[in-house]
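The values are calculated or read from the model by the stated rules, or taken from the named source; none is laboratory data. Just so it is clear, the structure is predicted and the values come from calculations on it, not from any experiment. When we count neighbours, we look across all protein chains shown, and the Cβ atoms used for this are built from the backbone with ideal geometry, even at glycine. What goes into the accessible areas is simple: the full protein's heavy atoms, side chains included, and nothing from ligands, DNA or RNA. Shrake-Rupley method; radii C 1.70, N 1.55, O 1.52, S 1.80 Å.
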Amino acid sequence: MRFVLASASPARLAVLRAAGVEPVVRVSGVDEDAVAAALVDPSPAELVTALAVAKAEAVAGDERDAVVVGCDSMLLTADGRLQGKPGTVEVARERWQRMAGTTGTLLTGHAVLRLKDGQVADRAAAHEATSVRFGTPTEDELEAYLATGEPLGVAGAFTLDGLGGWFVDGIDGDPSSVIGISLPLTRRLLRQVGVTVSDIW
Ligand SMILES: Nc1nc2c(ncn2[C@H]2C[C@H](O)[C@@H](COP(=O)(O)OP(=O)(O)OP(=O)(O)O)O2)c(=O)[nH]1
């Protein structure tokens, strides 16, 4: 079955490929700020789920028979801030200075659309939440990590499976969701739209 990943994320692609799926990648180009602005006081979970739905829907219009999956990840910090990608060293530094030694929640919204004959025949959406216990990098370690550029382009300014792994003391929940797409949640959402994982791997 044609599996379309509506994401530019290399992390999501890698998780799916390692799990036996060869997705067709179609970047949604969704204006995430515009989607967020259209929502009325969404919870963090509602926001990431709405963004995932918007990404999948943006891509689904060109599909006839496929499963389309969209995701969106953000970090909810211990002091209640919901954060995407830092974008700059300065923002990433300030975030790490606040989150080191604390526990945050990495939220990933998921949307699955089942296309049949060019129509959305079924859909399912949900979010996954994973607790992340951050370590405390020294000032030198933090500056070296920032200098790699990795934290700038990932939600929460850290990775679990990359250089950031040195600074994650542990998680409670699904690791694939932290990296970018929850395999167990996606399996459940696929089942809701009548698709078994063995249909796609
Ligand atoms: N490899 C890795 N990437 C991570 C981790 N945590 C977050 N990320 C990445 C996954 C996503 O590419 C990015 C989260 O940003 P978004 O959910 O907005 O996705 P992105 O903009 O990358 O692509 P998309 O909007 O789906 O086209 O951060 C991690 O632990 N490991």
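In Å², and per residue, what accessible area does the chain have when probed at 1.4 Å with the other protein chains present?
Result: 46 Å² per residue.
Nearest 10 degrees is fine. How inclined is helix 183-192 to the longest principal axis of the chain, computing both from alpha carbons?
30 degrees
Just how large is the dipole of region 1-130 about the Cα centre, in debye to the nearest 20, putting +1 at every Lys and Arg Cβ and -1 at every Asp and Glu Cβ?
The dipole of region 1-130 has a size of about 400 debye.
Consider a paramagnetic label point 7 Å from the Cα of Thr103 along Cα→Cβ; state which residues of region 133-159 have an amide N under 16 Å from it.
Within reach of a label on Thr103: 133-136.
Helix 139-148 versus the longest principal axis of the chain: what angle, 0 to 90°, nearest 10, using Cα atoms?
With rounding to tens, the tilt is 40 degrees.
Lys and Arg at +1, Asp and Glu at -1: add these up for the other residues within a Cβ distance under 11 Å of Val53 and post the number.
-1
If we count every other residue with Cβ under 15 angstrom of Ala125's Cβ, Lys/Arg +1 and Asp/Glu -1, where does the sum land?
+1
For the chain, list log₁₀ I(q)/I(0) at each q in 0.11, 0.12 Å⁻¹, using the Debye formula over Cα point scatterers of equal strength and ignoring solvent, two decimals each.
-0.49, -0.58
Give me the angle, in degrees from 0 to 90, between the Cα long axis of helix 44-60 and the longest principal axis of the Cα atoms of the chain, rounded to the nearest 10.
40 degrees
Taking the dipole about the Cα centre of the chain, with the C-beta of Lys and Arg at +1 and of Asp and Glu at -1, give me whichever of Ser198, Val168, Ser28 is farthest to the positive side.
Comparing the listed Cα positions along the dipole, Ser198 ranks first.
What does the net charge come to around Val154 if you take all other residues with beta carbon closer than 12 Å to its beta carbon, with K and R at +1 and D and E at -1?
Summing Lys and Arg as +1 and Asp and Glu as -1 gives +1.
Using only Cα atoms, locate the centre of region 90-142 and the centre of region 51-81, then give the distance between them in Å, rounded to an integer.
12 Å
Using alpha-carbon pairs under 8 Å, 6+ residues apart, how would you state the relative contact order of region 3-200 in percent?
22 percent
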